[in-house]
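S.K.: Attaching a single structure in structure tokens format; questions to follow.
FYI, it's all coordinate maths here, none of it is from the lab. Owing to the predicted nature of the structure, the values given are computational and were not obtained by experimental measurement. For neighbour counting, all protein chains shown are included, and Cβ atoms are generated from backbone atoms with ideal geometry for every residue, glycine included.
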């Protein structure tokens, strides 16, 4: 297999988060419009300046990216729809980067957003995937809580992880979220509260779960020349990977697709895990964040529990992790949950994260994980971003 | 260990009955293959004809070689529990009401990993035995059981929810004059049924079966008389959990053996319209009580000739009435679906009674039929084939219905 080309010359700019709301009467179209406008305003651009557009959303039905072009008045020469849930952000970014490199588009807007009405989560769950309908939901209808409970149960058995270990991830993210004025969770969380939370699907308890919210995220991809011409702070893409349906021979998911491509990721970026100033994992449940710490090379398989015991995962700690509070504390805005870590990482390496800024952050690792199609997450992605020194 | 079920207290009529809710019913067409196997109690999975890969969840192409010929084949029903959870809350009302609900992930010896219901007596990481059953939505689901029997294992709440076990339930047998009625009463009593009502038409006529059914309560019921059926439903309709329609009128011969339509009319009155009258009188009440606790309404049983599938001209007119009843039973499945009330058809070959006296063996004895009914209820089946002739006829019908039709309609020349 030939080595993939670099992403040189690509700039990532104008990260924007439309503040989440627990419930909102607005539609996905509205939320995506807000994020796009926010990102364009930050870059001093008009919708007419955009000639590439990619969107990720679960609640646009019956529309797709196509309907959105007419709905939002965009005339683009490059259009994509990335339906990969928690892996969407990085995947949208790497495709947009290639489009810009190849000259297929000059300015690509990458957007994700979802509505959340009172009924939305229940309805979404009921139509998630064919395998889920055929072979998962008939068994207690625990939704993703039950799927991750199975992975967590097995992970605890195999590697001796305790609930406290997962609690460390949730508690430190809450501490980070308290610095993020837009986080949905506003109250501190102690390890005692985590441990005594009500059970949802054993061993998953309340604070292992994300809060479904409405919200949206966006950023722009353009050439470095374009970003510099406009005087925009930008991040560059040192490496990026995606993988789908990896390790299908594993009877239960104890590792994700990152393990297949991780060597190439660090090779492209010419760095090691130790060079990262911060890490944004996909955190719909703490157990999957712990697996990412292993699969992304911060520790060996099974050493995740010891790793979180040995490190401080808060913004000022020695392993700053999910600095905006992540989905666990800032909320899961549908497919925007696949963007939250990426958009925050862009802010971090461009020194624009404000209250959640990690001091002197230059290099960030972002990973995505998505789509429990049946018994495991099918999509994985990761990217290394760098800000100008 | 499973806690044994205890008899429910008398129902308080002032308390609202629990309204039936359902697990998710929607499935892909491929996945309904699991349901078809569950209807007959088979543990089978899609198997690729080209490469032999056993796969699950059901697909439209083989995940190993992209072959598209994927018949459901019986496979060895064993595996190892990988992980488990107990779902404490759900967005689905059916499971929310029944939480906690234990489920898990099992690696089958045959290859695939399945998500399934878990019996309460399974230890972590244990070897397990798999069964395939119909749930309250009438769709196939997989459940893991302990390898060895455990005390009261059939009382496990999940297993109970996907079977129609007569234990602690009340049963109505429609025709106390049918030679199979005493055997049915006996096996149901042995299976733990708490009350057994038996219908009897024309009570002024002697009924030799009466003395053989000391555990039953004999009540007037004539399935050819709408008023009689309605009256009994008014009296006991609220406490019939299982209804067994064993009423049958049978005379030999097809169209030409008879001079008129008299017997044919009687056959339709009992075998077809009788079923309809029972359904109209008892069906709505049973459908309303399918979530009513330990003694909830659970199953409707029809005893049909296997020649409902393909006509045997020596009983040609009778078989036509059986085909009509079979067709109506399919309609009832649709009409009962939203309640979760199961329709189980027990197909029999010639039964050991006066109207089949000249036929050679094998014939289905009353006790054998009764055992099939109870086993079918315990396994929550929809289609039971009782006896060797019924099994063989069904197998031939499944292979090629036209060939079976031709075999059954020999002219007898040479």
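S.K.: Quick one: of the DSSP bridges fully inside chain B, what percent are antiparallel, nearest 5? Walk me through the intermediate numbers first.
M.R.: Values: 28 of 57 bridges.
Here the share of antiparallel DSSP bridges comes out near 50 percent.
S.K.: Continuing with the same structure: Specify the inter-centroid distance of region B:81-114 and region B:345-370, based on alpha-carbon positions, in whole Å.
M.R.: Cα centroid of region B:81-114 versus Cα centroid of region B:345-370: 42 Å apart.
S.K.: Once the convex hull of the C-alpha atoms of region B:74-125 is built, how many Å³ does it hold per residue, rounded to a whole number?
M.R.: 95 Å³
S.K.: Hey, if you drop one equal point scatterer on each alpha-carbon of the protein assembly as shown and run the Debye formula without solvent, what base-10 log of I(q)/I(0) do you get at q = 0.05, 0.06, 0.08, 0.09 Å⁻¹?
M.R.: Here log10 of I(q) over I(0) equals -0.35, -0.49, -0.76, -0.88.
S.K.: Follow-up. Just need log10 I(q)/I(0) for chain B at q = 0.07, 0.11, 0.14 Å⁻¹, Debye formula, equal scatterers on the alpha-carbon atoms, no solvent, rounded to two decimals.
M.R.: -0.36, -0.87, -1.32
S.K.: Taking neighbour counts of Cβ atoms within 10 Å as a proxy for exposure, in what order, fewest first, do B:210, A:154 appear?
M.R.: B:210, A:154
S.K.: Still on this structure: Could you rank the peptides B:19-26, A:220-227 by their average count of other C-beta atoms within 10 Å per residue, with the highest value first?
M.R.: Going from most to least packed, we get A:220-227, B:19-26.
S.K.: Project the alpha carbons of region A:62-118 onto their principal axes and report the range along each, largest first, in whole Å.
M.R.: 43, 27, 14
S.K.: Here's something else I'd like to know. Would you mind putting B:99-107, A:366-374 in packing order, based on average other-beta-carbon counts within 10 Å, highest first? Spell out each step's value before the answer.
M.R.: On the way: B:99-107: 22.4, A:366-374: 25.7.
Most protected by this proxy first, the peptides run A:366-374, B:99-107.
S.K.: Right, next: Could you work out the relative contact order of region B:170-408? I mean the mean sequence separation of Cα pairs under 8 Å and 6+ apart, divided by the number of residues, in percent.
M.R.: Worked out over region B:170-408, it gives 19 percent.
S.K.: Using Cα pairs closer than 8 Å and at least 6 residues apart in sequence, work out the relative contact order for chain B, in percent.
M.R.: Worked out over chain B, it gives 15 percent.
S.K.: Can I ask one more? On C-alpha positions alone, give me the angle between the axis of helix A:143-159 and the longest principal axis of chain A, in degrees, nearest 10.
M.R.: 60 degrees
S.K.: Follow-up. Pairing the Cα long axis of helix A:28-43 with the longest principal axis of chain A, what angle in degrees results, from 0 to 90 and rounded to the nearest 10?
M.R.: The two axes meet at around 60 degrees.
S.K.: Would you mind giving the mean number of other chain beta-carbons within 10 Å of the Cβ of each residue in A:151-157, as a whole number?
M.R.: The mean count of partner-chain Cβ atoms within 10 Å per residue comes to 4.
S.K.: Any idea what diffusion coefficient chain A gets from Stokes-Einstein, in µm²/s, Kirkwood Rh on alpha carbon pairs, 25 °C, 0.890 mPa s?
M.R.: It comes out at roughly 120 µm²/s.
S.K.: Hey, got the average number of other protein chain Cβ atoms within 10 angstrom for residues in B:87-100?
M.R.: Per-residue shielding by partner chains comes out at 6.
S.K.: Sketch the reach of a paramagnetic label on residue B:126 as a point 7 Å from Cα along Cα-to-Cβ, and name the residues of region B:69-91 whose backbone nitrogen lies under 15 Å away.
M.R.: Residues passing the 15 Å test: B:78-85.
S.K.: Here is a follow-up. Convex hull volume of the Cα atoms in region B:152-281, per residue, in Å³?
M.R.: With only Cα atoms used, region B:152-281 gives 134 Å³ per residue.
S.K.: Convex hull over the Cα atoms of region B:32-161, averaged projected area in nm²?
M.R.: One quarter of the hull surface, i.e. the mean projection, equals 8.1 nm².
S.K.: For region B:20-46 and region B:236-306, what is the separation of their C-alpha centers, rounded to whole Å?
M.R.: 26 Å
S.K.: For the protein assembly as shown, what does the helix formula give at 222 nm: sum of -39500 (n - 2.57) over DSSP H segments with n ≥ 4, over the residue count, nearest 500 deg cm²/dmol?
M.R.: Calculated mean residue ellipticity at 222 nm is -9500 deg cm²/dmol.
S.K.: A further question on this structure: By DSSP, what percent of the beta bridges with both residues in the protein assembly as shown are antiparallel, rounded to the nearest 5? Kindly include the intermediate steps, with their values, before the conclusion.
M.R.: Details: 66 of 109 bridges.
Counting only bridges with both partners in the protein assembly as shown, antiparallel ones make up about 60 percent.
S.K.: A follow-up question, please. Please give the helix B:366-378 orientation as an angle from the longest Cα principal axis of chain B, in degrees from 0 to 90, rounded to the nearest 10.
M.R.: Approximately 30 degrees, to the nearest ten.
S.K.: Within 10 Å of each Cβ of A:372-380, how many other protein chain Cβ atoms are there on average?
M.R.: The mean count of partner-chain Cβ atoms within 10 Å per residue comes to 2.
S.K.: Give me P(r) over region A:15-125, computed from all C-alpha to C-alpha distances, binned every 5 Å, as integer percentages.
M.R.: 2, 12, 23, 25, 22, 10, 5, 2, 0
S.K.: I would also like to ask the following. How high is the relative contact order of chain A, in percent, counting Cα pairs under 8 Å that sit 6 or more residues apart?
M.R.: In percent, rounded to a whole number, it is 27.
S.K.: What whole-number distance in Å separates the alpha-carbon centres of region A:308-378 and region A:211-226?
M.R.: Cα centroid of region A:308-378 versus Cα centroid of region A:211-226: 14 Å apart.
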